[in-house]
Every structure is written in C-alpha cells, then in structure tokens.
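Visitor: Before I ask anything, let me first share the structure, which is written out below as structure tokens.
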Ligand code: GLP
C-alpha cells in the first residue's frame with residue numbers, strides 16, 4: 001500500500017482532490033465510489049471549489065455511495081444520501097441519475113443490495129474508490145468480523161460505531177442500529193482505492209491497516225491485498241506507523257524520479 005503523509009487535514013483534502021480532478025480530466029466519464037463521515041468534508045469542499053473556480057466538470061461522472069443507515073428516510077439530515085447532496089451533488093454539475101445511493105429505507109433490502117452490485121457491474125466497475133476508516137478499522141459499514149470477500153449487504157453496527165456517529169443525531173432514539181454497505185469484496189474490485197484518515201484517534205486503526213496482519217478483525221487491512229491502494233494521512237493519523245520515516249523516504253525518492261523524468 002502506498003502511504004502518503006501530509007502535514008495537516010487541508011493538505012490531505014487537497015492531495016485527494018488533485019487525484020480525483022486528474023482522473024476526471026483524463027477520463028471525464030469515470031466511475032467514483034464515494035465515502036461519507038467527517039474525514040472527507042474538506043475533500044468535497046475542495047472539489048466544489050475546483051468546480052466553481054477551475055471548471056472541473058462532473059457532467060459525465062458516475063458515482064456510487066459506499067453505505068447508508070437502514071431505517072432513515074433519504075431526506076433525514078443524518079442520512080448519508082442527504083450528506084452527499086449537501087456536501088457535493090447540490091454544488092456541482094453532476095447528473096442526478098448518475099449518482100447511485102444505497103437506499104436503506106425500503107422493505108426489500110436484499111433486492112437493493114443485488115441491484116447495487118448489478119449497477120456497479122453495468123457501469124463497468126468503479127475506477128477509484130475513496131474511503132474513510134472507523135476507529136475500529138472498519139471501511140464503509142464493514143465492521144470487524146466482516147468477511148473479506150463480502151458483497152453489498154446489511155450489517156449490524158458496533159457500539160463504537162454508534163458512539164462515533166451519535167453526534168450527527170439530535171435525537172439518539174433515531175440512531176439506526178443497522179447499516180447497508182458495499183462489501184469488502186466489492187471495495188477490493190475497484191481499480192484503485194484511496195483511503196483518507198485524519199487525527200490521532202485513527203492512528204491505531206491506520207497502523208493495523210498498513211502494518212498489521214490481514215484480518216477480518218480489521219477490515220481495512222484487506223487493502224493490503226489490493227494492487228493499487230493508497231492512503232493519505234495527516235501527521236496525527238500517521239503518528240503510530242512504525243515505518244513512517246521509510247514511507248516519507250519512498251515518497252521523496254518517487255518525487256525525485258518524477259522530476260528527473262520531467263526534465264529529461
Ligand atoms: C462511518 C462510515 C464510514 C466512515 C467512517 C469514519 O461509520 N460508515 O464510511 O469512513 O465511519 O467516519 P469519520 O470520517 O466521520 O471518522
């Protein structure tokens with residue numbers, strides 16, 4: 001896994017937005033997998049800024065959201081569907097029909113999961129899957145113990161995820177106990193994966209993801225199996241990596257190579 005350590009959250013967001021903007025310019029009809037949570041807020045704000053100020057167009061981009069709660073109406077302010085509209089879709093020129101959301105408000109959840117997998121296949125697969133990480137090492141709502149081959153399905157949320165997500169709910173009785181989520185296997189099929197993490201509260205999960213054994217107890221560790229996975233971290237999230245100095249050396253050496261190739 002490629003590990004990039006940036007000085008702060010703004011630099012992480014900027015670096016991730018540059019990766020996405022480069023992909024969209026190269027391939028305007030690319031397929032993106034998109035996460036929610038606090039971590040990607042700056043990244044979405046940066047994409048919106050580039051749309052407004054630099055003409056970055058989403059007019060052909062196709063998106064798939066990673067997960068959502070079950071039981072919340074899609075317009076509930078804490079639903080991930082509302083989050084995506086509020087933080088990205090309402091501010092760029094994306095075509096609503098190209099934005100796929102995991103709707104957890106219906107009765108036929110296994111039908112929703114199967115159709116989602118089919119829609120990803122029909123779109124030609126996900127080019128770039130962007131991810132966050134839970135403090136317990138989850139990706140999307142794939143909690144510890146999730147099969148590393150899992151597909152889109154319903155998951156019971158752990159107490160630590162409920163606690164981490166509670167601040168989004170004014171009324172804690174409304175906090176759903178279930179989520180609907182792309183599986184770890186679904187995520188691993190993306191052509192590239194990009195995981196963002198901020199702050200010391202993610203440092204242990206990040207270390208287990210990058211340097212620990214591959215285990216269903218840390219679903220993010222499955223990214224070690226992916227041939228093109230990158231994580232962009234701020235100093236806090238990188239603080240417990242044992243080889244963090246080496247990762248910086250690798251990036252510096254890569255930078256020198258790229259600059260040399262540019263001047264050759
Ligand atoms: C949530 C979401 C994940 C997200 C993670 C981290 O429960 N299901 O997709 O990546 O937890 O969220 P945050 O960025 O708010 O720490």
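Visitor: Taking square-rooted eigenvalues a ≥ b ≥ c of the alpha carbon gyration tensor, is the range 50-124 rounded, prolate or oblate, where a/c under 1.5 means rounded and, failing that, a/b exceeding b/c means prolate?
Guide: Values: a/c = 3.45, a/b = 1.45, b/c = 2.37.
Cα axes put the range 50-124 in the oblate bin.
Visitor: Another question about this same structure. For the range 19-76, just say rounded, prolate or oblate: build the C-alpha gyration tensor, square-root its eigenvalues into a ≥ b ≥ c, call rounded for a/c under 1.5, and beyond that prolate if a/b exceeds b/c, oblate if not.
Guide: Values: a/c = 2.30, a/b = 1.71, b/c = 1.35.
It is prolate, given that a/c is not under 1.5 and a/b is the larger ratio.
Visitor: Just want to confirm a number: the relative contact order over the chain, from Cα pairs under 8 angstrom separated by 6+ residues, in percent. Intermediate results must be reported in sequence, preceding the final value.
Guide: Details: 520 pairs, mean separation 62.8, N = 264.
Worked out over the chain, it gives 24 percent.
Visitor: With a/c under 1.5 counting as rounded, go ahead and sort the range 2-263 into rounded, prolate or oblate using the C-alpha gyration tensor (a ≥ b ≥ c being the square roots of the eigenvalues; past the cut-off, prolate if a/b is larger than b/c, else oblate).
Guide: Because a/c hits 1.5 or more and a/b fails to exceed b/c, the range 2-263 counts as oblate.
Visitor: If I take R0 = 22 Å and measure r between the Cβ atoms of residue 191 and residue 214 in this structure, what FRET efficiency does the formula 1/(1 + (r/R0)^6) give, to the nearest 0.05? Mind showing how you got there, number by number?
Guide: On the way: r = 20 Å, r/R0 = 0.91.
So, using R0 = 22 Å, E works out to roughly 0.65.
Visitor: Quick one: if you stick a label point 7 Å off each Cα along the C-beta vector at residue 110 and residue 11, how many nm between them?
Guide: 5.0
Visitor: Can you figure out the FRET efficiency of residue 156 with residue 90, using R₀ = 22 Å and their beta-carbon distance, to the nearest 0.05?
Guide: On the way: r = 31 Å, r/R0 = 1.42.
FRET efficiency, residue 156 to residue 90: 0.10.
Visitor: Have a look at 165, 142, 87 and tell me which one the Gaussian network model of the chain (Cα, springs below 10 Å) gives the largest fluctuation.
Guide: Most flexible of the set in this elastic network: 165.
Visitor: Can you tell me which of 250, 187, 218 moves the most in a GNM of the chain? Springs connect C-alpha atoms under 10 Å apart.
Guide: Highest fluctuation among the options: 250.
Visitor: Something else: Find the relative contact order for the range 6-120 and round it to a whole percent, using C-alpha pairs within less than 8 Å whose residues are 6+ positions apart. Write down the numbers at each step before the final one.
Guide: Numbers: 147 pairs, mean separation 29.4, N = 115.
Here the relative contact order equals 26 percent.
Visitor: Would you mind telling me which residue in 149, 134, 37 has the biggest mean-square fluctuation in a Gaussian network model of the chain, where springs connect alpha carbons within a distance under 10 angstrom?
Guide: Answer for the Gaussian network model of the chain: 149.
Visitor: If R₀ is 35 angstrom, what is the calculated FRET efficiency for the pair residue 224 and residue 29, using the beta carbon separation as r and rounding to 0.05? Present the calculation step by step, with values, prior to reporting the outcome.
Guide: On the way: r = 30 Å, r/R0 = 0.86.
So the FRET efficiency works out to roughly 0.70.
The numbers here are math on the coordinates, done by the rules we state, and not lab data. This structure is a prediction, so every number in the text was calculated from the model and none was measured. Reconstructed Cβ throughout: ideal geometry from the backbone, glycine too, with neighbour counts over all protein chains shown.
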